[in-house]
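Below is one structure; the comments refer to it alone.
The values are calculated or read from the model by the stated rules, or taken from the named source; none is laboratory data. Treat the numbers as computed from the prediction; the structure is a model and nothing was measured. Virtual Cβ from ideal backbone geometry, glycine too; neighbours counted across all protein chains shown.
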Amino acid sequence: MTQQLLFEDLQKVGLSFDEVATQLEISGATVRNWIKTGYLEQIGQGVVSIESFENFKNKVAGEEKLTARANKSLKDSHNQVELQNKFISLLHGAEINSRELGNQYEEALSNSYRNKEGIYYTPINITKRFFQYLPKDCTKLSFCDPCCGSGNFIITAIERGIPPERIHGYDIDEVAVELTKKRIYEHTGYLSANIQCLDFLESSLKPQQQSFDIIFTNPPWGKKISKKQKDIYGRAFKTGKSIDTSSLFFFACLERLRKDGYLGFLLQDAFFNIATYESARSKALSLEILSVIDFGKPFTGLLTKAKGILIKNTKSDKENIVQCENTMGAHDRLQRSFLKNPKYIFNSNTSQNESDAISYLYSLPHVTLTGKARWGLGIVTGNNKKFVIDKPANRYVAVYKGADINENGLSEATMFIPNDLSLYQQVAPKELYQAKEKLIYKFISSNLVFFCDTKQRYILNSANLVIPDEDFPISQIQLSKILSSKVMNWLFKNIFDTHKVLRSDIESLPIHADYFQKYSVFSDDEFANYLGLEELESGTFRIKE
């Protein structure tokens, strides 16, 4: 039976094997291998879930072992007990460089284990960046890394002048704990009993736990724990809807941080802009944020971007200034400017002038598509090789993919499928495709590209559709012009910084429909001028002086 979907859960929409292969530039055989080894989740015949695809792309794809063995069956496993015993034995050797041994241990962990446990040790050059915001004299402060790994944050704390006896570290990996202890001893001659093999989240559930002046860590992003445990931790630490591992550690660390203490986290880029982490961002904005640092892609071979955030555990001042750093330099942002963003998104690479222009756009009279439209997904055939042909045929209909929608309109159809929609894995209600008028747009894209379709065209799932209500104040062709405009694309990129065009993001965009009361024809320049903006040579916009 055909499953009919509107737009209830974009994260569970499927991509065909061919689409996955094209986007990752791999073969179909590799896609099937990565399904067999658990990297991708198959949700139907020839279909991979977008959720697993995004997780794979952000957290796994590009690792050296995957790249080197892209078209081989991946035997990605190891015996953790044997590996731990081997490295603990090596640690007891007389002549051993513990830092180098830590690197070897991380490399010896299989990709699937590292992904499951969220194990990616923080480079030492990154740990040092967090300490630049601390007071000059740290000798009387206590320090904790609740996910210490091989100890890079802890060694940096020692180099920063924090006495080793005031340093605590925790990890569930016995090898990591022993590595950290040995490194402390090599640096200071101090045999620490404060580096312990235990679960920080679990221990933080117990009353009257020790608190610290400084907590810096790189939590295990996306670590696989049961929903039951997430719910327990979420209730205990008051995390709201943010119950990903990163959020759980974020709130748990705040519970253990002393007043006026410092919290530093290295986090996946998604923490700063995805709806899942909105509760965590709201909590962060209630405190004094010192800095947000964009580290780009700090882990060798991983596609995942990462950012650091440094917070002082004191109530936020309305005029607090956040120093935002990236590979291009640094700039200051008013902390309250993040509060004005949809979902409290931390668009830290946006300058204060750009942020002011964004706030200004939202202050102008506008409407949104929230509750004012019907939404539909493109077709998931379940097997493109079986159903798709490249020439018109009897009882076949043209179908358009996201790449066919471009700034100049719609390309000629190059794909055709049987007109019996009951054959396919997922489709929207037929009446949406056959609407007299509808907007279709790219889904997997960092740009907003909309096209007003009046010929009842069908689309594949790399494109989606929206039909505004009849009483929406402007026509669909006018809406497509605004949504595809330079101003709206600039706004979208500066707020969301994503490669997926989600319904919730589109619904939050301000539609300045009154423009068409003054102008009958759309022009990018006239639209910007009407809004009181001017475009700079760099392609950004600012409020006209």
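Here are the numbers:
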{"quantity": "Single match in 310, 290, 303, 266 (criterion: touching a residue at least 60 places away in the same chain (Cβ under 8 Å) and farther than 23 Å from residue 244 by Cβ)", "calculated": "290"}
{"quantity": "Odd one out for residue 460 among (1) under 30 Å from residue 434 (Cα atoms); (2) in contact with a helix residue (DSSP H, G or I) (Cβ under 7 Å, 6 or more places away or on another chain)", "calculated": "(2)"}
{"quantity": "Flag for residue 446 being in contact with a His (Cβ under 9 Å, 6 or more places away or on another chain) and closer than 30 Å to residue 347 by Cβ", "calculated": "yes"}
{"quantity": "Checklist (1) in contact with a Gly (Cβ under 9 Å, 6 or more places away or on another chain); (2) over 18 Å from residue 364 (Cβ atoms) applied to residue 490, failing item", "calculated": "(2)"}
{"quantity": "Positions within the stretch 141-189 being in contact (Cβ under 8 Å) with a residue 40 or more places away in the chain, surrounded by fewer than 24 Cβ atoms within 10 Å (Cβ to Cβ) and assigned to a strand (DSSP E or B), in sequence order", "calculated": "168"}
{"quantity": "Members of the stretch 424-440 found to be more than 12 Å from residue 397 (Cβ to Cβ) and part of a helix (DSSP H, G or I), listed by number", "calculated": "431, 432"}
{"quantity": "Qualifying residue in the stretch 202-223 (condition: among the aliphatic types (A, V, I, L, M), in the same structural domain as residue 304 (by TED's automatic domain parsing) and buried (at least 22 other Cβ atoms within 10 Å of the Cβ))", "calculated": "yes"}
{"quantity": "Helices (runs of 4 or more DSSP H) wholly inside the stretch 454-545 containing at least 3 residues that are more than 28 Å from the chain's Cα centre (by Cα)", "calculated": "476-483, 515-518, 524-531"}
{"quantity": "Any hit, the stretch 291-306, residues being at pLDDT below 95, assigned to a helix (DSSP H, G or I) and touching a Phe, Trp or Tyr at 6+ places or on another chain (Cβ under 8 Å)", "calculated": "no"}
{"quantity": "Qualifying position, being touching a residue at least 60 places away in the same chain (Cβ under 8 Å), surrounded by 21 or more Cβ atoms within 10 Å (Cβ to Cβ) and of a type in the set (Ser, Thr, Tyr), among 441, 433", "calculated": "441"}
